[in-house]
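Read-outs throughout are calculated quantities, based only on the coordinates presented, and are distinct from any laboratory measurement. As the structure is a computational prediction, the values presented were derived from the model and not from experiment. Cβ atoms come from the backbone with ideal geometry, glycine included; neighbour counts cover every protein chain shown.
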């Protein structure tokens, strides 16, 4: 015998591994062991196979690769004796899973073992099959398992065969129908193991096969009800007793089967009402086993067809659970109340106070459940008190819980705010408590709301000012506050627009500038904050003439910023403050009111926001300088900055507005763009040329922008810059700050440069879908510079004499397309073509120019109280989309 | 359905793993690391459930050993606690005392890999197989005796050969 392959005993190996001081040492020991096991395998050493496999399993558990042992398992399984097979199957289950090819090699051995005369060997094979079988094995071995499922004797293998069947039908649902009768027969057995597995099998079969569902409902329901009743009434049975209840595990399996059988069937539900009532009222609840049964029973009652009395009983049980001192019970109660809320929200509302307490529980699992439940409980009537509770709790909650909590509060506040004052108040509170957890779109939305509440401007800016004094470490709060101070600075110092509820404060201009200065100089401020500060300073220079000099100094300080964008803005703004006093006040007028509808529409359309995603993560360049992506630029331009592609409000438009220059009549370029989708270029042209479009200067500006943007994956607006600039004749690669000054000063120079066509090509409308009762027309439009994306306006017209209600249009596209559906204009379609519904679809074609659009559509609506479903495929899209 | 069963010692050493859903070796290591981090740090008296990647993990501590089972969102958590207890009681009966469980899983007895065999008699395909402790004990005992018998036979044959070749 080879002296090396005999190796150490398992116990010694474990001891050696345990004794290792370092990971490297451990690896060395394992490597040595693996080598000796391999040698032993290659010598086909029968005597030590057993020990080798045991060692391998230990090594596997430590996380080392053991694939070379897989074949060893197969060999052991193929050997005739029970001990070898036993360890072989154990190794197989530990070392392999269903995704490994090697598994196919074992199919034949398992097949032989399933037909073995020794029932324990059959048991081993069934167990392995149940635990790791793949779809292919399931197909190959299903007949054997089916035979074992019906095998008369011994009973013991039936339960294993039943669980094996569960695995098989999960892998290959088509096979379920073969097992229906055998599964139903299991429910007539006496042995609890067979009943448990039989009930589980039936439950799982119902999920994959409607035929099985129907069969069990017709043939087995009475039997199951009787089983459960007998079980509930059965006398003490020591073998199955758990804390005074006979076989709670079987109880639960039977209730789970009833859960499935009673779903959506009033008759079946009726049949089981009595027994459910009995279980719900008679079960002992002082031990976990009893509670587990009750919990399952409540789940079943909630799921089957309505029976008023039972539901009340169930909700009462949950109420009792909720007030339990046992954390587990409270957890499951919260879990179940989530489901109950859709059935009987009134009943759940009664427990609101208790649930709210659970949000403050020390246990994270309970807190999370409770918070989700509270979120579902909020409605118009209780939004205010609930929010107050949650906001109060925000102060003391754990840091790791703040993220979830903040997100939920923001969502509640946005959804249910009865008035703007309350909304702003709550948001200011949240921002000052947990501003760093607030998502970008939330504070963007807040700014939109603020601009839309002219009577609250003064109040808001003062409230934010006060909040920042207290919690300046919350960056998001600082951003919003600085933005507001920039816009409404004079209201801050002048105490304008005082509300009754407010305490007057005295803020001097210098103090307001202090705040912005601190924010821009704070080392933790990121690029977005600094950019907002810079714009605010520009605005303040006109609002606070007395501080203009100081502001100019602060702005000048940013001239040294390593971030190109900030540096550039600083120089531009410096020039505006210093040299253009006359036009300055006009330039820095307030932002026009941001359109709430557009904004919320854009948010609802979850357009992959290139800009907002890049906000948080500034890619670092190798020298450690934060690289300016498109974000800060667009941020300066568009504070809500999440979709630069939206036609009605591109970034440039905002900048245009921001500086308050109206050039449309003067400029031939921008003049055409008032109605057509604006693109940033025009606005920038406007900005830089202030008064007369100087194409030369603007093009160099464009080039500068494009050279910056070329290697970034920015799209839309910035692509426009790039594409336009390549179309212009000039290129200036050297960009110096002095040429920038020239740009701003250069009123005179003008040479005309062809500017690319900005409106996209037009496409004919098509009738996408027409049936006897409905007509769908598609109108197409494209945004310039973005040929991949098509905006489709679908128009639905009702041709029948009936009104359609609950009208829902759904569409699906192949993988190379991306589809985004915007909300429809309505859900009711008037009869006989007297009106229509429109809905916008946005399609991006990743294979633009190669493949044309295709789409499958499905339309659901209710006509004459009947649900109607129409579907079809649309392939008559015009070419070039 | 139970997706996997983990036994972790209080020090974070893994004592037993059984996977009923496919996880690659890498994923397994990651799952174990994540879960032991979550579960071992939880204070006593908190509830026995943690939510993890859209699943729930039910755990219970016996002596210095944590028994964890991962289940679907809508499975019955309380029932799984019963199943864990069921498993522990059977182990207890087989090996002697619960307090020594950690020792048992110290792997000194793994050559016979009893804990795995017992688990296989309780769960297959992530579903419960048998609710009677007596039945499980009987099945394991019969199979153990089969192994013993085979061993004896083997040694008696080798004795006979030794005798014959003397």
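Going by a ≥ b ≥ c, the root eigenvalues of the Cα gyration tensor, does segment A:432-498 fall in the rounded group (a/c under 1.5), the prolate group (a/b larger than b/c) or the oblate group? Oblate, because a/c is 1.5 or more while a/b does not exceed b/c. Once the Cα-Cα distance is subtracted from the 0.36 nm per residue extended length, the residue A:346 to residue A:502 segment shows a gain of 52.4 nm. Between residue B:55 and residue A:285, the modelled labels are 3.2 nm apart [label points 7 Å from Cα along Cα→Cβ]. Extending 7 Å from Cα along the Cβ direction at residue A:869 and again at residue A:372 yields two label points whose distance is 2.8 nm.
Taking other C-beta atoms within 10 Å as the exposure proxy, B:41, A:791, A:508 rank B:41, A:508, A:791 from fewest upward. Applying 1/(1 + (r/R0)^6) with R0 = 35 Å to the Cβ-Cβ distance of residue A:455 and residue A:415 gives a FRET efficiency near 0.95. Calculate how steeply helix B:133-164 sits against the longest principal axis of the alpha-carbon atoms of chain B, using the helix alpha-carbon long axis, and give the answer as 0 to 90 degrees to the nearest 10. Approximately 30 degrees, to the nearest 10. Of B:133, A:851, the sequence from fewest to most neighbouring Cβ atoms within 10 angstrom is A:851, B:133.
Relative to the longest principal axis of the Cα atoms of chain B, the long axis of helix B:25-40 lies at roughly 60 degrees. Sorted ascending by nearby beta carbons within 10 Å, beginning with the fewest, A:179, B:87 become B:87, A:179.
A straight chain from residue A:834 to residue A:265 at 0.36 nm per residue would run longer than the Cα-Cα distance by 200.8 nm. For residue A:325 and residue B:11, a Förster radius of 45 Å and the Cβ-Cβ distance give a FRET efficiency of 0.90, rounded to the nearest 0.05. When the square roots of the Cα gyration tensor eigenvalues are ordered a ≥ b ≥ c, the ratio a/c for segment A:100-242 is 1.5 or more and a/b does not exceed b/c, which makes its shape oblate.
In plain terms, the chain from residue A:767 to residue A:218 could stretch by 192.8 nm, reckoned as 0.36 nm per residue minus the Cα-Cα distance. Which shape class applies to segment B:2-165: rounded if a/c is under 1.5, otherwise prolate when a/b exceeds b/c and oblate if not, where a ≥ b ≥ c are the square roots of the Cα gyration tensor eigenvalues? It is prolate, given that a/c is not under 1.5 and a/b is the larger ratio. Taking 15 Å as the cut-off, no amide N atom of segment B:1-41 comes nearer than this to a point 7 Å along the Cα-to-beta-carbon line of residue A:68. With R₀ set to 25 Å, the beta-carbon distance separating residue A:16 from residue B:30 gives a calculated FRET efficiency near 0.40.
Spacing of the modelled spin labels on residue A:277 and residue A:388, each 7 Å from Cα toward Cβ, amounts to 4.3 nm.
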